[in-house]
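Visitor: Sending over a structure as structure tokens; questions will come in a sec.
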Amino acid sequence: MSMIIEVPLSALETGAQQQNEPGCMRAGVHGQVCGRPRAEGSEDCEMHRVWHLLLPQEFQMLPYPEDAAAVQDILAQMLAMLLRGQVSLEQVRGVCMLGRVLRANLWS
């Protein structure tokens, strides 16, 4: 026994339009574009939108710590900022502790 399900063409077109919308264009450390669906009213996905909302202005260049390369980039940038006198040793220690937690959680 076979079953036929009618799907209105307008529903199919709406789905195709949503799939063709560009996703988050934030590039990771290796240059790969995120591509996750954009958050409503934003050019970024929810993850990147929240990350950059929470960061103070002087840290906006730091990538989201989603992989080992991003964490390494964050640590290198923090070291450079420390050497230029833009951040305190205590701030760098905090970021290094975060790196340890990420390593334990993401790559164990």
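The values are calculated or read from the model by the stated rules, or taken from the named source; none is laboratory data. Just so we're clear, the structure is a prediction, and the values are computed from it rather than from any experiment. Here the Cβ is made from the backbone with ideal geometry for all residues, glycine too, and neighbour counts use every protein chain on show.
Visitor: Please specify each residue of segment 53-68 satisfying the condition of being without any contact (Cβ under 8 Å) to a residue 12 or more places away in the chain, in a helix (DSSP H, G or I) and of a type outside the set (S, T, N, Q).
Guide: Looking only at segment 53-68, we keep the residues that are without any contact (Cβ under 8 Å) to a residue 12 or more places away in the chain, and these are 53-57, 59-60.
Keeping just the survivors that are in a helix (DSSP H, G or I) gives 53-54, 57, 59.
Selection gives L53, L54, F59.
Visitor: Could you list, in sequence order, all residues of segment 86-108 that are of a type in the set (D, E, K, R) and closer than 12 Å to L75 by Cβ?
Guide: R93, R100, R103
Visitor: In the set G85, G99, which member is outside the structural domain of C45 (by TED's automatic domain parsing), surrounded by fewer than 11 Cβ atoms within 10 Å (Cβ to Cβ) and either closer than 18 Å to C34 by Cβ or out of contact with any Ser or Thr (no Cβ under 8 Å at 6 or more places or on another chain) (or both)?
Guide: Values: G99 fails: surrounded by fewer than 11 Cβ atoms within 10 Å (Cβ to Cβ).
Within the list G85, G99, the selection yields G85.
Visitor: Let me confirm something: among V71, V50, which residue is in a helix (DSSP H, G or I) and under 15 Å from V95 (Cα atoms)?
Guide: Details: V50 fails: under 15 Å from V95 (Cα atoms).
Selected residue: V71, the only one of V71, V50 that is in a helix (DSSP H, G or I) and under 15 Å from V95 (Cα atoms).
Visitor: While we're here: Can R36 be described as among the basic types (K, R), surrounded by 14 or more Cβ atoms within 10 Å (Cβ to Cβ), in a loop (DSSP other than H, G, I, E, B) and without any contact (Cβ under 8 Å) to a residue 60 or more places away in the chain?
Guide: Details: among the basic types (K, R): yes; surrounded by 14 or more Cβ atoms within 10 Å (Cβ to Cβ): yes; in a loop (DSSP other than H, G, I, E, B): yes; without any contact (Cβ under 8 Å) to a residue 60 or more places away in the chain: yes.
Against the criterion (among the basic types (K, R), surrounded by 14 or more Cβ atoms within 10 Å (Cβ to Cβ), in a loop (DSSP other than H, G, I, E, B) and without any contact (Cβ under 8 Å) to a residue 60 or more places away in the chain), R36 qualifies.
Visitor: Right, something else. Counting just the residues of segment 65-74 that are closer than 19 Å to L54 by Cβ and of a type outside the set (D, E, K, R), which one comes out surrounded by the fewest Cβ atoms within 10 Å (Cβ to Cβ)?
Guide: Among those residues, the one meeting the criterion is A70.
Visitor: Among V50, V7, which is the only one that is β-branched (V, I, T), on the phi < 0 side of the Ramachandran plot and modelled with pLDDT under 85? If you could, list the steps in order and put the result at the bottom.
Guide: Working: V50 fails: modelled with pLDDT under 85.
Of the residues listed, the single one that is β-branched (V, I, T), on the phi < 0 side of the Ramachandran plot and modelled with pLDDT under 85 is V7.
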